[in-house]
Amino acid sequence: MPYWAWVVPTVALALLIGALLLPLGVALGLACAAALIGAVMVAVHHGEVVAHKVGEPMGTLVLAIAVTVIEVALIMSLMLSGGPDTAVLPRDTIFSAVMIICNGVVGLCLLLGGLRHHEQSFRLDGANSGLATLIALSTLSLVLPSFTVSAPGPSYTVSQLAFAGVASLLLWGTFVFVQTVRHRDYFLPTGNAADENLHALPPSAGRAWASFGLLLVALVSVVGLAKVLSPAIERAVAAAGAPKATIGIAIALLVLLPETWAAVRAAYANRLQSSINLAIGSALASIGLTIPVVALAALILDRQLVLGLGAKDLVLLVLTFMVAAFTLATGRTNIMLGAVHLVIFAAFLFLALVP
């Protein structure tokens, strides 16, 4: 095990304890911010070790759950420390995650993989199952609240929110059952890859358990440091005069950065099936697990949630799913499809800053 894999979570935990006991000055704040980023990266590394031990497609499920725990921790920390303006934070973060994954990650994987291998293939059955589930989850969580009339504004009533949370969890759980049990072969590599990582020996049981323990330490550090730094993050965004939506984008980018790197590496090594599994699995977990948790927290804490997207974001979401349907239609990809997704991602970022 590389030394940084245990040093970073240890230092992050130590800085968390220090931040809880001491005033958060500039130096300690910067150190905590660096430790937060490092803990996120290391958490996904240890998730990859555990994932390699349990094998595909269960491995991508482990990574997706680890990333979602981090995402929920960051959202809840900012919501609990903020005011009424944080009611839109779950929506902004989930929407940002979907756009980053479906356009940024997928586009980058298709472009770089296509440049090196011309064409790449993946299994249609698994990809289409995941896309259909993602469209349904996104519609229930982010689209319908803008059109229901029982509650004012783009929000759900208590009963509607409870239904959306249960439905999201059931859809995600069904997809996991299909991915890991009933139709596991839909998500296995197509056999077109010749990369040494496919044949690398899995880690020993001792190393896998050590990584699991360090993964828990890293996740605890992420949760605690996010709580400590959340007031400073909100003040920084306000001082910069940036739109509130940039907080959600920043959370999603931070959380998804390590997984993006893993997906891009897989595509570059001609293992596009692993990239598709990572991308769709992360997007599904981002909604299917985050919505139930934040819905339950909002009901317990009596906090308002604004989930419905505005007109601009609705157009971008529909465009993303239309293009994704064409991308996944044949089971083969090329650089043109990657370029289209990346342009949509660039439009999302630009319009977030210049709405």
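Scanning the range 275-306 for residues that are among the hydroxyl-bearing types (Ser, Thr, Tyr), over 19 Å from residue 143 (Cα atoms) and at pLDDT below 85 gives a single hit, 282. Listed by first and then second residue, the pairs with beta-carbon distance under 9 Å, at least 6 apart or on different chains, first residue in the range 129-145 and farther than 17 Å from residue 163 by Cβ, second at pLDDT 95 or above and surrounded by fewer than 21 Cβ atoms within 10 Å (Cβ to Cβ), are 131/321; 134/321; 135/321. When the range 258-306 is examined, which residues are found to be among the acidic types (Asp, Glu) and over 19 Å from the mean Cα position of the chain (by Cα)? The answer is 302, and nothing else. Residues considered: 139, 148. Of these, the only one that is hydroxyl-bearing (Ser, Thr, Tyr) and either at pLDDT 95 or above or not in a loop (DSSP other than H, G, I, E, B) (or both) is 139.
State yes or no: is residue 114 over 23 Å from the mean Cα position of the chain (by Cα) and buried (at least 20 other Cβ atoms within 10 Å of the Cβ)? It is true that residue 114 is over 23 Å from the mean Cα position of the chain (by Cα) and buried (at least 20 other Cβ atoms within 10 Å of the Cβ).
Taking the conditions exactly as written (more than 29 Å from residue 34 (Cβ to Cβ) and aromatic (Phe, Trp, Tyr)), does residue 345 satisfy them or not? Answer is no for this residue.
Among the residues of the range 175-212 satisfying the criterion of being closer than 23 Å to residue 42 by Cα, of a type in the set (A, V, I, L, M) and surrounded by 12 or more Cβ atoms within 10 Å (Cβ to Cβ), which is modelled with the lowest pLDDT? Of everything passing the filter in the range 175-212, 198 is modelled with the lowest pLDDT. For beta carbons closer than 7 Å, sequence separation of 6+ or different chains, a first residue in the range 52-80 that is closer than 14 Å to residue 212 by Cβ and buried (at least 23 other Cβ atoms within 10 Å of the Cβ) and a second that is among the small types (Gly, Ala, Ser) and modelled with pLDDT of 70 or more, the qualifying pairs are 63/47; 63/51; 66/43; 66/47. Before we move on, is residue 159 in a helix (DSSP H, G or I) and loosely packed, with under 13 Cβ neighbours inside 10 Å? Against the criterion (in a helix (DSSP H, G or I) and loosely packed, with under 13 Cβ neighbours inside 10 Å), residue 159 qualifies. Annotation note: Cβ proximity below 8 Å between a residue of the range 239-267 that is in contact (Cβ under 8 Å) with a residue 60 or more places away in the chain and a residue that is surrounded by fewer than 22 Cβ atoms within 10 Å (Cβ to Cβ) and assigned to a loop (DSSP other than H, G, I, E, B) (sequence gap 6+ or interchain) occurs for 243/355; 245/355.
Suppose we filter 12, 5 for residues that are under 18 Å from residue 261 (Cα atoms), over 20 Å from the mean Cα position of the chain (by Cα) and modelled with pLDDT of 80 or more; which single one remains?
Only one candidate passes the filter, namely 5.
Of the residues in the range 330-348, none is in contact with a His (Cβ under 8 Å, 6 or more places away or on another chain), farther than 17 Å from residue 44 by Cβ and either part of a helix (DSSP H, G or I) or modelled with pLDDT under 85 (or both).
The residue that is surrounded by the fewest Cβ atoms within 10 Å (Cβ to Cβ), counting only those in the range 264-320 that are closer than 28 Å to residue 334 by Cα and of a type in the set (S, T, N, Q), is 270. Of the residues examined, residue 245 is one that is buried (at least 19 other Cβ atoms within 10 Å of the Cβ) and either more than 30 Å from residue 333 (Cα to Cα) or modelled with pLDDT under 85 (or both).
The values are calculated or read from the model by the stated rules, or taken from the named source; none is laboratory data. Here the structure is a predicted model, which means the values were calculated and not measured. When we count neighbours, we look across all protein chains shown, and the Cβ atoms used for this are built from the backbone with ideal geometry, even at glycine.
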